[in-house]
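Computed from the coordinates by the stated procedures, all read-outs in this text should not be read as laboratory data. Treat the numbers as computed from the prediction; the structure is a model and nothing was measured. Please note: Cβ atoms are built from the backbone with ideal geometry, for glycine as well, and neighbour counts cover all protein chains shown.
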Ligand code: FES
Ligand SMILES: [Fe+2]
């Protein structure tokens with residue numbers, strides 16, 4: 001970062017427009033994701049969602065991720081393949097290829113490729129040429145898997161492929177998980193930041209726009225940030241009438257995010273260890289475009305099924321529809337407007353971070369550390385290093401009855417209550433599934449009955 005003290009002094013003066021026209025630098029280390037970049041290498045160490053399974057028909061599908069153009073297809077045996085876009089013969093695009101019983105055939109001269117990129121056929125050549133090509137040429141291919149309606153890919157070195165991570169929220173009985181994707185016309189980091197920014201919920205999603213979720217979101221509440229073995233948490237503890245509402249947002253590095261319910265929790269009714277509205281990855285398409293791939297979760301512990309519509313999925317993602325008139329975007333901005341409005345890659349050098357940005361500061365610092373470690377040869381951690389089974393996560397809501405005590409400092413009560421609710425969840429971290437749920441819920445009810453001491 002290169003902001004000089006003179007520039008800082010100039011921008012503190014009134015009418016400082018002239019002095020602020022310098023162009024600030026973006027954080028190159030955390031924002032550039034193409035092949036060979038430090039952050040791109042780091043992100044390639046993790047499974048990433050690249051498509052919604054139902055969007056893949058009989059034709060190959062052109063996709064772009066981490067600055068690479070790729071072709072996803074399903075052969076006639078229903079095996080998934082993910083290949084570099086260009087054919088290794090004379091660079092035709094495999095998006096025009098034909099899916100066959102085994103693999104995909106290039107449209108131009110009929111070379112046939114298996115899902116792992118090996119050349120199966122080189123038709124129309126003299127004897128011996130096919131074998132020679134098979135020995136010396138492949139098309140770039142990546143491992144893929146279909147999991148609950150999302151296609152995931154691993155774009156890293158084959159020998160470093162980690163186990164596929166399964167989070168506890170992906171295995172909640174009776175929960176309906178609906179895949180969706182949400183486009184953002186900007187760098188991944190500025191989309192990711194919002195998950196550890198509980199303050200924006202009160203302003204962007206409530207006071208500034210309109211009540212995009214519920215009235216309680218307009219309360220700023222007491223914010224706290226936690227670092228856990230699995231990632232980062234940002235909690236907002238709000239008073240809503242006689243209730244205290246502890247809402248937890250979550251980031252598992254590098255880019256898996258969860259939050260509380262969008263519509264089921266509004267702080268007015270008791271809720272014990274409610275779980276996340278979405279289980280979502282913030283996936284860089286390239287340096288300037290991002291696609292969030294997610295499941296919206298419906299059921300008793302997530303959002304109500306009436307939001308299981310195309311529009312409902314967008315409302316869960318950002319409180320407003322994505323495609324709407326400019327005048328409406330101006331009047332009722334949501335996450336897309338806030339993040340895209342920063343420009344394709346924000347000028348990080350021009351940010352002025354404050355205490356409510358602590359979560360963002362912490363995770364960016366850790367991200368930078370992991371990227372640098374990888375450059376130095378140390379592989380980044382995976383949740384499977386810590387947990388053999390489903391990874392315990394936290395995104396969700398707890399709402400407890402706790403009438404206001406007029407003789408006490410309610411801010412202090414909220415802070416204690418928020419900390420107590422999180423402590424209960426941390427204490428059950430070694431348990432999983434229904435056993436963990438029961439332990440957490442029993443302790444939350446006990447906390448509700450006994451209250452927190454002043
Ligand atoms: S360009 Fe693909 S077979 Fe020739
Ligand atoms: Fe938001």
Evaluated at 20 °C and 1.002 mPa s, the Stokes-Einstein D of the range 330-389 based on the Kirkwood radius over Cα pairs, in µm²/s, stands at 144 µm²/s
Relative contact order, percent, of the range 48-153 when contacts are C-alpha pairs under 8 Å separated by at least 6 residues?
26 percent
Using packing as a proxy for protection, rank 20-26, 230-236 so that the peptide with the highest average count of other Cβ atoms within 10 Å comes first.
230-236, 20-26
Stretchable slack from residue 405 to residue 145, in nm (0.36 nm times residue separation minus alpha-carbon distance):
88.3 nm
Rounded to whole angstrom, the alpha-carbon centroid of the range 188-245 lies from that of the range 95-140 at a distance of 52 Å
Round to the nearest 10 and give me the degree value, 0 to 90, for the angle of helix 358-375's Cα axis relative to the longest principal axis of the chain.
30 degrees
To test your reading of the geometry: what angle, between 0 and 90 degrees and rounded to tens, separates the Cα axis of helix 410-427 from the longest principal axis of the chain?
40 degrees
Along Cα→Cβ, 7 Å out, is where each label goes; now give me the distance between the ones at residue 375 and residue 322 in nm to one decimal.
3.2 nm
Test of understanding: what is the full-extension gain from residue 306 to residue 220, defined as 0.36 nm times their sequence separation minus their Cα-Cα distance?
28.2 nm
Quick one: helix 433-450 against the long Cα principal axis of the chain, what's the angle to the nearest 10°, folded into 0 to 90?
20 degrees
Rounded if a/c is under 1.5, else prolate if a/b is larger than b/c, else oblate: which is the range 171-328, with a ≥ b ≥ c the root eigenvalues of its Cα gyration tensor?
rounded
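Determine the relative contact order of the range 168-450: mean sequence separation of Cα pairs under 8 Å and six or more apart, normalised by residue count, in whole percent.
Result for the range 168-450 is 27 percent.
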Report the label-to-label distance for residue 96 and residue 59 in nanometres (one decimal), using points 7 Å from each Cα along the Cα→Cβ vector.
1.3 nm
PRE reach from residue 366 (point 7 Å along Cα→Cβ): which of the range 19-33 fall under 18 Å by backbone N?
30-31
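Using a 10 Å cut-off on Cβ atoms, rank the peptides 353-362, 106-115 from the highest mean neighbour count down.
Numbers: 353-362: 15.4, 106-115: 19.4.
Output ranking for 353-362, 106-115: 106-115, 353-362.
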Normalised contact order of the range 139-201, rounded percent, pairs of Cα under 8 Å and 6 or more residues apart
20 percent
Expected output is a single nm value to one decimal: the length gained when fully extending between residue 18 and residue 347, i.e. 0.36 nm times separation in residues minus the C-alpha distance. What is it?
116.7 nm
Separation between the residue 268 and residue 118 pseudo-spin-labels, each 7 Å from Cα along Cα→Cβ, expressed in nm?
6.3 nm
Normalised radius of gyration for the chain, please: alpha carbon Rg relative to 2.2 N^0.38 Å, two decimal places.
1.08
